[in-house]
Amino acid sequence: MSNAAPFSTRRPTDWATPAMQSRVRRRYRAERRFRLLGLAAVTLSGAFLLFLLGSMLLRGAGGFLETRVAMPIDFARASLDVDPRRLQGRAADLALAGAGLEGAVDDAAVAAFGPDLGGRILSDGAWLRVREAIKDDPSVLSRRVVMSLPVASPIDVAAKGPGSVEAEAVVASLRSGDLLSTGLNREFLLSADSTDPTRAGIWGALKGSILTMLVTLLLAFPIGLLAALYLEEYAPKNRWTDLIEVSINNLAAVPSIIFGLLGLALFLGTFGLPRSAPLVGGLTLALLTMPVIVIASRNAIKAVPPSIRDAALGVGASPIQVVFHHVLPLALPGILTGTIIGMARALGETAPLLMIGMRAFIAAPPDGITDPATVLPVQVFLWSDEVGRGFVEKTSAAIVVLLVFLLAMNALAIHLRNRFETRW
Amino acid sequence: MTGPALLLLLAGLAFVGWLSARARAVAFRAPKRRFSSLPGHHAWYVALWTILPPLAFLGVWSLVSPALVTDAVLATPAAAQLPPPGFERASILSEARELAQGDAFGAFQPLARALEPAYAAAQARYDWIATAVALLLALAGGGWAYTRVRPGFAARTRTERIVMGLLLAASLVAIMTTIGIVVSLIWEAGRFFARVPAADFLFGTHWSPQVIDPRDPGASLGALPLFWGTFFIGAVIAMAVALPFGLMSAIYLTQYATPRVRSWVKPMLEVLAGVPTVVYGYFAALTVAPYVRDFAVGIGVETASSESALVAGSVMGIMIIPFISSLADDALAAVPASMRDGSLAMGATPSETISRVLLPAALPGVVGGVLLAVSRAIGETMIVVMAASGVANLTLNPFESTTTVTRQIVDLLTGEAEFDSPKTLAAFALGLTLFVITFLLNMIALSVVRRYREAYE
């Protein structure tokens, strides 16, 4: 070892020199910059989300409220031809409609606010409130009462925020008389679409969504689950299986509007199913959701360890029994999570439903899966197209309802995942 | 008989079959003898044979019976006054159908009222036939299966074979859907290309489907501006927003963030991904568009539109952020830890490790993810329907109005046009183009991602 050459003739770096120290500082600065950039990206993404949700909530809050004006109605002097004995049960609506109640309410408005303002201050649906009040307490028919009735859309808009100059003046004069009040708009949650923003509600669209989702779930869940079981547990490795896998992976990435075109050409064009029906919407969305459920289910099934299968086979279970008695129960939480996420996606889907005609104006909630209907996201789209300013807050309020449903479904899925997730 | 009642009855029959087969199988069980099947297997065998044949029949029947009913109505004498096939004829028929089913109370068309009895009669007749055939099939299937319930019969094998068939059939639905999409798009697009030369459609630069000259429909159906608008909004502007944000979020979350932060931020990104696109569209049209327009006018762009490509593209980019982030996350996680550890051990800072070691190693995965994101962005519909313009415009200026393929499909199909006008068929030609492009993008992306994953495994 006498003539061992030095490994390197280079002298060790002297980190204390100013040049080296500034180099290290520069590298650390770059490090901090990079890190801040990452933090900024995450923060800004979060800010986008907060801004989006916040602006919808702020705009939408007004949609759940209505402005009411206090107005005296003198039923004793109004020429209402109503037999008080008929005001019981289901005949009451007919009796009151025939008695000219709508005209009486309009006359009372003119009497209270003058011929000019009286004709346009009340919402078209105001007399329906009066009808309900009479049904609750028929004795008002012989008295003069002060009722709080919903105002027409322009005045409602002006009362909640900036409106037209004219309506602002009306609101100011009503406010000075302390006649305006605000209350929960029950019609918004309980009625269907209307051309008058103060009477438009989301129940029709919500019911359409529920019926559509029901059809989707009943078709996509069993088919998706069985397909996933087959592909993961039984499918032989051959060209057919590859073809199925490729088409499922590809279907999961096909734009949703293409499914709408398929629904239009196949279900409406070839099979002649009714337009705008939840049945067709559900069928189309089932085709769209099925690949999502298959992929999620396969991952859940794959996560079940082979030892479970080997043990079951070892004690004499048949392949079907292995899967249905052992693998499926263990994979079910994961499968359900995937299904809920797929259903949430279907619930927010709009474009394919536009293709199959679920964009018509429908003023009555659907009674069955073949009735014409619309769904919540399409209702949002339709209202966003309306010119009336009163629809702005209705649109945002409908979005809030839609988001509440979606967040609830996602929260349920995350909860299921955390609660039942097993690490083998 | 109505649908739900019939289904309940069939389920009841299957249950009766299940019970009786089980009772019979239990009866012939004897001690000290080995059987190939448990009583439950026999029971399921009979139940499946009772319910599956009528269900299969009803499935097919529900698809063909509306056409049969219409044919029967058209054969009646009252139908002779119907106008020739077209929009008017279809509306009379659908009104008559609604009257017959009790969905409508009055008809605008007197002819619909005349056709109502014929509709009701045909409907009732075919419903009766369907019920009878379904019940016959159930009884025949169940009865035949019941006669086979014997000690030596391998019910377990048979039942499992039926179940296996069901599994296979379920997985074939995916292939059927793909075939359905391809065939229906090609069929309708083929009718379109029979009238409009493909070259005019693919390379023409003038798009105005509102006024189509019947002698030369191709002159106003040149889709090049749409392809450009789609590419500009979906692949350029949206990616310019989504790529930096998505990639940097993924890097921060996987490399820097503490597990606590990660457990909060990841669900937040998932929420961003779960917001319906119609909400993004409304947000873009109502909140973002006025700002962008004012800004553009402020910096001196005279032609600025409130339906600009920039608005739709940037909001679409926000929508894509979580998508890119989660795919980049996967790609970074797939890089072996030894590469990262080696780089850090040599004295590189984390940011140098990320940008010189991790990102180059993860590049194929990231590229695959970006391709998937592009395919998703160009197929996105609601944002462009609500925030982009309907006027085709071949421009490079992001503040000007631009339209996309998906927007035009929606516009073309929501008019009251009859089903086989060039306008309606053009939507299918656009759909076919969109399908082919997204299919190619997906295939390339998936194969890139797969090859890259195999390289490290």
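When residue B:301 is tested against the conditions (1) among the hydrophobic types (A, V, I, L, M, F, W, C); (2) assigned to a helix (DSSP H, G or I); (3) more than 10 Å from chain A (Cβ to nearest Cβ), the lone failure is (2). Might you check whether a residue that is within 29 Å of the chain's Cα centre (by Cα), under 26 Å from residue B:316 (Cβ atoms), outside the structural domain of residue B:325 (by TED's automatic domain parsing) and part of a loop (DSSP other than H, G, I, E, B) occurs anywhere in segment B:200-208? Yes, because at least one residue in segment B:200-208 is within 29 Å of the chain's Cα centre (by Cα), under 26 Å from residue B:316 (Cβ atoms), outside the structural domain of residue B:325 (by TED's automatic domain parsing) and part of a loop (DSSP other than H, G, I, E, B).
Quick one: in segment B:117-172, of everything that is without any contact (Cβ under 8 Å) to a residue 24 or more places away in the chain and among the hydroxyl-bearing types (Ser, Thr, Tyr), which residue is farthest from the other protein chains (Cβ to nearest Cβ)? Result: B:147.
Listed by position, the helices (runs of 4 or more DSSP H) contained in segment A:305-373 that have at least 1 residues being charged (D, E, K, R) are A:306-314, A:328-347. Counting residues in segment B:313-325 that are in a helix (DSSP H, G or I), within 24 Å of residue B:231 (Cα to Cα) and away from chain A (no Cβ under 13 Å) gives one or more.
Of the residues making up segment B:398-454, those that are modelled with pLDDT under 85, in a helix (DSSP H, G or I) and within 12 Å of chain A (Cβ to nearest Cβ) are B:424, B:446, B:449, B:450. Going by the structure shown, is residue A:289 more than 11 Å from every other protein chain (Cβ to nearest Cβ), over 21 Å from residue B:60 (Cβ atoms) and crowded, with 18+ Cβ neighbours inside 10 Å? Considered against the rule, which asks whether it is more than 11 Å from every other protein chain (Cβ to nearest Cβ), over 21 Å from residue B:60 (Cβ atoms) and crowded, with 18+ Cβ neighbours inside 10 Å, residue A:289 comes out as yes. Picking from residues in segment A:180-215 that are over 16 Å from the mean Cα position of the chain (by Cα) and among the β-branched types (Val, Ile, Thr), the one that is nearest to residue A:366 (Cα to Cα) is A:215. Among what's in segment B:244-257 and is touching a Gly at 6+ places or on another chain (Cβ under 9 Å), in a helix (DSSP H, G or I) and surrounded by fewer than 20 Cβ atoms within 10 Å (Cβ to Cβ), pick the residue that is nearest to the other protein chains (Cβ to nearest Cβ). That would be B:256.
Filtered by the rule that a residue be surrounded by fewer than 19 Cβ atoms within 10 Å (Cβ to Cβ) and within 16 Å of residue A:194 (Cβ to Cβ), segment A:351-379 gives A:360, A:361, A:363, A:364. Filtering B:357, B:278 for residues that are of a type outside the set (Lys, Arg), buried (at least 19 other Cβ atoms within 10 Å of the Cβ) and part of a helix (DSSP H, G or I) leaves a single hit, B:278. Could you list, in sequence order, all residues of segment B:379-397 that are surrounded by fewer than 24 Cβ atoms within 10 Å (Cβ to Cβ) and either basic (Lys, Arg) or within 11 Å of chain A (Cβ to nearest Cβ) (or both)? Of everything in segment B:379-397, nothing turns out to be surrounded by fewer than 24 Cβ atoms within 10 Å (Cβ to Cβ) and either basic (Lys, Arg) or within 11 Å of chain A (Cβ to nearest Cβ) (or both). Of the residues in segment B:328-349, at least one is closer than 19 Å to residue B:316 by Cα, over 24 Å from the mean Cα position of the chain (by Cα), assigned by TED's automatic domain parsing to the domain that holds residue B:311 and touching a residue at least 40 places away in the same chain (Cβ under 8 Å). From the list A:380, A:401, the one residue that fits, being facing chain B (nearest Cβ under 10 Å), part of a helix (DSSP H, G or I), within 28 Å of residue A:54 (Cβ to Cβ) and in contact (Cβ under 8 Å) with a residue 12 or more places away in the chain, is A:380. With the requirement that a residue be under 30 Å from residue B:27 (Cα atoms) and β-branched (Val, Ile, Thr), what does segment B:125-157 give you? If the condition is that a residue be under 30 Å from residue B:27 (Cα atoms) and β-branched (Val, Ile, Thr), then B:147, B:149, B:157 are the ones that fit.
Residue pairs whose Cβ atoms lie under 7 Å apart, sitting 6 or more positions apart in sequence or on different chains, and linking a residue in segment B:272-285 that is more than 7 Å from chain A (Cβ to nearest Cβ) to a partner that is aromatic (Phe, Trp, Tyr) and surrounded by fewer than 24 Cβ atoms within 10 Å (Cβ to Cβ), are B:273/B:323.
The values are calculated or read from the model by the stated rules, or taken from the named source; none is laboratory data. Model, not experiment: these values are computed from the prediction. Note: ideal-geometry Cβ built from the backbone for every residue, glycine included; neighbour counts use all protein chains shown.
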